[in-house]
Each structure stands twice: as structure tokens, then as C-alpha cells.
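Data block below; observations after.
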Amino acid sequence: MEAVTKFSPCPKAGVCGGCRYQEVPYAEQLARKEARVRRLMGRFGPVLPILGMDEPRHYRCKVQAAFGVDGRGRVISGVYQSGSHRIVAVDDCLIEDAGADRIIRAVRQLMPKCKMPAYDERRGTGFLRHVLVRVGRFTGEYMVVLVAAAPVFPGMKHFLKGLLETCPEIDTVVLNVNDRATSMVLGQRERVLYGKGWIEDEILGRRFRISPRSFYQVNPVQTQALYQTALDYAGLTGTERVLDAYCGTGTIGICASDRAAQVAGVELNRDAVRDAIANARRNGVRNCWFTCADAGEFMERSAEAGEGADVVFLDPPRAGSDARFLASILRSAPGRVVYISCNPDTLARDAAVLVRGGYRVERVQPVDLFPFTEHVETVVSLSRVER
């Protein structure tokens, strides 16, 4: 990795609060993150040097902006100030895809011309609440999700015409309706306004569909390094039964499919499961299947039926894995567990449970998926100790 010293600071860093490492040289950012993982995981096994980025700017391929009005009634867009619902107006962000930022600016500039009012959270009036842009980094595809407070879209044709003329790189536009008083960005109802309603991206030679609500890693460049490390740690030979827990859109399981006998993916998000099934078909994968279920319940049922996995991948949310799922791993005793974590604290907690239950940590690999922030991803290889 090339040495990166210091970048020009973002003028909104003091009020936004999103990039805690804004003033820290990139090499020092990596050193701090690696030290954190060593402090929490070093007692279990060897921690390898962190994998950083050659170009750590503009990596986020999922960009969302809140829309509102300022004190003068003008439309503004940006991010919520950390710990509040005050919108900090942002035009260009150090870590967001530059093309996505340009699309958001184009939406904001078109709104007065199309008489499209921004949502006023205090009064509960207006139309546009958020804009979400998702980007296929390796395909160049763009999806725009307009999050509205109501399903009726006055002036839709005029707005779409202007947006697509200004930003011809857009592949699809989706209207998402969120009419509830909630901090959640996306609602449950959607309507495709232009294009196919989803985009695609590539990971390790496989092609994946991304829909508005499905999970997909926000840094596709580092995701390649993350998943390649996980596959190497799994040590697959082509004969193993693999479980991909918290599988999302099936990315890890599908990437592992040509090295395994069969792969089962389990995920609670129905939209993600639908995308995972479509992704397996799109890639011609015939030895993968996916189900919508709680990972712990699924693992317990599999163990009771004598259908346990030889290798388990788990990539849980920040809260980590639940006790039920960890107990089911100890009960079914797969030979190898590959744990992908976005939170070293919950990773250390869960690793302690697995080590007490008969596993040994072989390697720990930190990966920097979120430059300029405090967050760090980690891949851990655990093997079952013969007793």
C-alpha cells in the first residue's frame, strides 16, 4: 500500500461528526485500528498487519442524504449531525462516491423547478425525505431511491426527464414510500419509476444484484480483500458442507460455492434472500440454496437433523452473534468457523465463547473498510480442537 499522509480537511467535519479520524494521517489511522484489534483479540491468537487501501477517499458506494428546509425555506440536503436530527448541508463528502454526490445535488437543484417540496419533519409536511444512491463500483451502474412521505408524486415525468438529462449515468430510479414518524430511512412500499429497479456489482468474479433495501458492503474495493481472506481461511477442498450465516444477498456463500460440495445461506431479511436466490441463478451456481430464518433456530434444527455444516461463515451485525447461534455451533461442532466482524468488542466476546467451547483461534486479520472512521472489520479463523 502506498504511503498516504494527510488530506485537506472537510469543512463540515466539526459539525457532521461522521469522520472521527478526519485530521489523522492515514498511516496513523491504520496503526490505531490494528492496535485496537490486537488489544482485544491478541490473547486468542496471532493478529496480522491490517489491510489498508491505496486510495482511501470516496469509497462509499451507498450514499444517503436527508432533505429538508432551512430557516429561509430553502431546500437543503446532507447528513444528520451526530446524535441529532439537524441536517448538516453537504455537497461533497470525502468518503462518499463523487458520482453519487453529484446526483444528489442534481435532485436538490431540480426540486424548486419541479415544485417538489422537501419534507418538513417538524410540521410533517412536504414530499421528499431522503435520497439514497447505490453504486456498482465495478459495473459503473447507479440506482437512485427517492424516499417520499406519500405515494402520489406530482410532476413525476417532468422531474425524471430533468434528472436523467442531467445525470445520464443513472440506470434505475425507485420511489420508496415512508409515511411514518420514524428514524428509519426506507419504508416498506416501493415503485420502480425508471429502469429495472436494481443494479449489479462484481465481487471476486461473481455478479450480484443490489436492490434498494438489501444489504451490500459499502466499500466494494476492500470487500474483495475481506472475502478473499475469509475464503482462504475456510480451507475448502470441494467436499465440505458450508453454512453462510447472516448471509445477506449471498455474496460469501456464492463466492465459496465452487470450492464446496454444497452451501446453505440463512438470513432474516426477505429482500436479501430474494436477491441471494437471484444471484445464485445469475452466476449459474447450482449447489447453493437460501432460506429466510433466524440463524440460531436454523442451526439448531440442522444439528437435530444431523445435517450440520463442516465449515461455518458468520458475518453478524454490530451487536455480534446471539448466544443461541453460538451454542448451536458448539453443539454441532463444525470443523472450522470463519467469523467476519464489524465490531472488535463483540467479536472478542463471541470468540471467548467459542474458545471456551473447544475452538482455537488460528489467525486474526484486520481489514480497513471504513477509512477516516474508527470502524474496522476483522476476519478470524477458528478450528475445532480434537478432544
Determine, yes or no, whether residue 143 is over 25 Å from the mean Cα position of the chain (by Cα), among the hydrophobic types (A, V, I, L, M, F, W, C) and crowded, with 20+ Cβ neighbours inside 10 Å. no
Scanning the range 327-345 for residues that are surrounded by fewer than 21 Cβ atoms within 10 Å (Cβ to Cβ) and assigned to a helix (DSSP H, G or I) gives 327, 330, 331, 332, 345
Going residue by residue through the range 316-326, is there one that turns out to be within 30 Å of residue 375 (Cα to Cα), over 24 Å from the mean Cα position of the chain (by Cα) and of a type in the set (S, T, N, Q)? no
Notebook entry, point to check: Within the range 203-217, is there a residue that is surrounded by 17 or more Cβ atoms within 10 Å (Cβ to Cβ), farther than 20 Å from residue 314 by Cα and touching a Lys or Arg at 6+ places or on another chain (Cβ under 6 Å)?
Noted result: yes
Selection from the range 96-138 of residues part of a loop (DSSP other than H, G, I, E, B) and more than 23 Å from residue 171 (Cβ to Cβ) yields 115, 117, 119, 121, 122, 123, 124, 126, 127
Does the range 148-160 contain any residue that is of a type in the set (A, V, I, L, M, F, W, C) and within 19 Å of the chain's Cα centre (by Cα)? no
Considering residues that are assigned to a loop (DSSP other than H, G, I, E, B), at pLDDT 95 or above and among the basic types (Lys, Arg), the number found within the range 1-60 is 1
Matching residues in the range 351-363 (closer than 16 Å to residue 48 by Cβ and either surrounded by 24 or more Cβ atoms within 10 Å (Cβ to Cβ) or out of contact with any Leu (no Cβ under 8 Å at 6 or more places or on another chain) (or both)) number 1
Residue check, residue 123 basic (Lys, Arg), modelled with pLDDT under 95 and in the same structural domain as residue 167 (by TED's automatic domain parsing): yes
Here the residues within the range 178-200 that are part of a strand (DSSP E or B) and under 13 Å from residue 132 (Cβ atoms) are 190, 199
Of (1) β-branched (Val, Ile, Thr); (2) touching a residue at least 40 places away in the same chain (Cβ under 8 Å); (3) assigned to a helix (DSSP H, G or I), residue 273 satisfies every one except (2)
The lone condition residue 348 fails out of (1) touching a Ser or Thr at 6+ places or on another chain (Cβ under 8 Å); (2) surrounded by 16 or more Cβ atoms within 10 Å (Cβ to Cβ); (3) not in a strand (DSSP E or B) is (1)
Filtering the range 347-379 for residues that are within 30 Å of residue 61 (Cα to Cα) and out of contact with any Gly (no Cβ under 8 Å at 6 or more places or on another chain) leaves a count of 13
Expected single match for among the polar types (S, T, N, Q) and over 29 Å from the mean Cα position of the chain (by Cα) among 125, 172 is 125
Counting only residues in the range 280-298 that are within 20 Å of residue 329 (Cβ to Cβ) and among the charged types (D, E, K, R), the one surrounded by the most Cβ atoms within 10 Å (Cβ to Cβ) is identified as 294
Those residues of the range 204-222 which are in contact (Cβ under 8 Å) with a residue 60 or more places away in the chain and more than 19 Å from residue 130 (Cβ to Cβ) amount to 206, 207, 208, 209, 217, 219, 220, 221, 222
Scanning the range 67-102 for residues that are under 19 Å from the mean Cα position of the chain (by Cα) and either loosely packed, with under 15 Cβ neighbours inside 10 Å or aliphatic (A, V, I, L, M) (or both) gives 79, 94, 95, 98, 100
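The values are calculated or read from the model by the stated rules, or taken from the named source; none is laboratory data. Since the model is a prediction, treat every value here as computed from it, not as a measurement. Neighbour counts run over all protein chains shown; Cβ positions are idealised from the backbone, glycine included.
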